[in-house]
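The values are calculated or read from the model by the stated rules, or taken from the named source; none is laboratory data. This structure is a prediction, so every number in the text was calculated from the model and none was measured. Here the Cβ positions follow ideal geometry from the backbone for every residue, glycine too, while neighbour counts run over all protein chains shown.
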């Protein structure tokens, strides 16, 4: 039992250390030696859990994306009203990034692992399930003539693109978003995604 617990602790320490290093330096500039130094594990312990730096990144990215998607869906499904849902997600996005800045930097700044890379299949599967659930919420509003029928990528850009840019400025120390500005981002997302005939 002790060895199993220690094994879990070693894996967790590596993931937490990688999050700090990747957030500070980026994945490409982070070395395997610095990952081991940050987590305080031996070479043997590292390779017991992970095959490479890319393996750590893939697992960390998949975990982070899943956490964000879970928060997104938990918020979205509370809203039957289309405008309420659109604007609430912008607020949720800003709050989640503020509460999880290291993880948010990872999602904003790093390329997701491809399907043939460590973590890639998990990321692809979770994204597919996530988009299906968002579409399930979106479709009735689209059929009612409230929300526009837009492809997933364009939907993301119109919905959260400005909020992502605000987060980049925030994390760079260039600007601290106010509640009023976050509200304006939500209103802008609604105006971008609603049908022209939908009420403002």
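The conditions of being touching a residue at least 60 places away in the same chain (Cβ under 8 Å), over 20 Å from the mean Cα position of the chain (by Cα), in the same structural domain as residue 102 (by TED's automatic domain parsing) and surrounded by 13 or more Cβ atoms within 10 Å (Cβ to Cβ) are met by residue 146. Is it the case that some residue within segment 99-117 is out of contact with any strand residue (DSSP E or B) (no Cβ under 6 Å at 6 or more places or on another chain), modelled with pLDDT of 95 or more, surrounded by 15 or more Cβ atoms within 10 Å (Cβ to Cβ) and farther than 22 Å from residue 29 by Cβ? Checked against the condition, which is being out of contact with any strand residue (DSSP E or B) (no Cβ under 6 Å at 6 or more places or on another chain), modelled with pLDDT of 95 or more, surrounded by 15 or more Cβ atoms within 10 Å (Cβ to Cβ) and farther than 22 Å from residue 29 by Cβ, segment 99-117 yields no hits at all. For segment 134-143, a residue qualifies if it is under 21 Å from residue 70 (Cα atoms), surrounded by 13 or more Cβ atoms within 10 Å (Cβ to Cβ) and over 16 Å from the mean Cα position of the chain (by Cα), and the qualifying residues are 137, 138. Just so you know, in segment 149-200 the residues that are touching a residue at least 60 places away in the same chain (Cβ under 8 Å) and in contact with a strand residue (DSSP E or B) (Cβ under 9 Å, 6 or more places away or on another chain) include one that is surrounded by the fewest Cβ atoms within 10 Å (Cβ to Cβ), and it is 198. When 82, 18, 33 are screened for being in the same structural domain as residue 168 (by TED's automatic domain parsing) and more than 16 Å from the chain's Cα centre (by Cα), only 82 passes. Would you say residue 58 is more than 15 Å from residue 159 (Cβ to Cβ), in contact with a helix residue (DSSP H, G or I) (Cβ under 7 Å, 6 or more places away or on another chain) and either assigned to a helix (DSSP H, G or I) or in the same structural domain as residue 180 (by TED's automatic domain parsing) (or both)? When the stated conditions are applied, residue 58 passes them.
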